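Any read-out appearing in this document is the output of simple, stated calculations on the displayed coordinates, not a laboratory observation. Note that this is a predicted model, so its numbers are computed, not measured. Heads up, the Cβs are rebuilt from the backbone with ideal geometry, glycines too, and the neighbour counts pull from every protein chain shown.
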Amino acid sequence: MSAGRVPPTARVPPPPAPLPPGEGRGDKPEGHESAAAAATLGAAQEQLKAAGVEDPRRDARLLLAHALGIDAGALAGDPRRKVPADAAKRFDAAIARRARREPVSRILGRRAFWTLDLALTPDTLDPRPDSETLVEAVLAEIDARGWRRDRPLRLLDLGTGSGCLLLALLSELPRAWGAGVDRSPGAAAAARANAVAAGLADRAHFVVSDWNQALGGPFDLAVANPPYIRRDSIAGLMPEVALWDPVLALDGGVDGLDAYRAMLADLRRVLAPGAVVALELGAGQGSNVSRLLRDVGLRPARVARDLAGIERCIVATGG
Ligand SMILES: C[S@@+](CC[C@H](N)C(=O)[O-])C[C@H]1O[C@@H](n2cnc3c(N)ncnc32)[C@H](O)[C@@H]1O
């Protein structure tokens, strides 16, 4: 997960006060059935603003569009659209969840990543757009080596979560095969379901394991977005992260580097000669992770930055 995306300053707020009578779910004044979208949105935005939500306007729009079963663009173009009672009820429930700082993606149960539409569960990290940096870096490395994209590569994804990295790579590498590993059985099951939904299940296999302990290899390409948040920073992350992402996906130990150390300790055993290793980085972790790679005989080759200019992924070679 990308620590750099998450301002570590935002504190977890107290839970919102209970709604006064007349404002709760299913307790709307008469006539609400015909409320227009603009009025419905205005009240919801105020509620989200009071709860400390960063972009109440955007989130209220996304949730109302979802409750209405239309896309957000259609809603923006039709502010006088009526909000039927059943949609209003769904919207109120969604706004109450968002006011408790549950991310929109978790309320909708879905996250767009690369070209994929992934289902989320409480066991999976909510994939971050910055993690697409790793997918781009791996594809660039494949091209730079002159490997054809239809080469039958063997991929390993350590800490697969929703399966986002492995599935994005498999979607671009039509003859590749991959194993996704997670210590969380729930995450491995969610990744498997996402592979089925993406039509990639015949090339993606998911294993519950402590890093690569249960695997043999060899793999041509190993990727990972490890838990890399320093343990004492977790409680101070934005509530959307601290309260809703699984701790197993966040906790990188005292210095944030425990998972890198653990996964690298035995990685070379499962790498093919000349394999590519690509690891996501937390902000400022580049030099430490580079040293850990060298310590196990891998050769850091390049670092890729995300859209904010932060070093987000390190690519190494070895095996
Ligand atoms: C930061 S999340 C990354 C998830 C996904 N790859 C992504 O980019 O969204 C780290 C993942 O590592 C898994 N994990 C943590 N410790 C592990 C271990 N010892 N062995 C295998 N997986 C582990 C977590 O369950 C979590 O799914």
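Some observations on this one:
- Column: log10 I(q)/I(0), Debye, Cα scatterers of the chain, q = 0.11, 0.13, 0.16 Å⁻¹: -0.72, -0.93, -1.24
- Residue order for Thr317, Thr124, Thr160, fewest other beta carbons within 10 angstrom first, comes to Thr317, Thr124, Thr160.
- Projected onto planes of every orientation and averaged, the convex hull of the alpha-carbon atoms in segment 37-100 covers 3.6 nm².
- Kyte-Doolittle mean at least 1.6 and Cα axial length at least 30 Å: DSSP H helices in the chain: none
- Computed from the C-beta positions of Arg57 and Arg183, the FRET efficiency with R₀ = 41 Å rounds to 0.60.
- Cα gyration tensor shape of segment 191-319, rounded if a/c is under 1.5, else prolate or oblate by comparing a/b with b/c: oblate
- If you run the Gaussian network model on the chain, springs between alpha carbon atoms under 10 Å, then out of Ala222, Ala242, Ala38 the most flexible one is Ala38.
- Within the listed set Ala112, Ala37, Ala140, the Gaussian network model of the chain (springs between alpha-carbon atoms below 10 Å) gives the highest mean-square fluctuation for Ala140.
- From its DSSP helices (H runs of at least four residues, each -39,500 (n - 2.57)), the chain gives a residue-normalised ellipticity at 222 nm of -10000 deg cm²/dmol.
- Within a Gaussian network of the chain (alpha carbon springs, distance under 10 Å), most fluctuating of Gly52, Gly216, Gly180: Gly216
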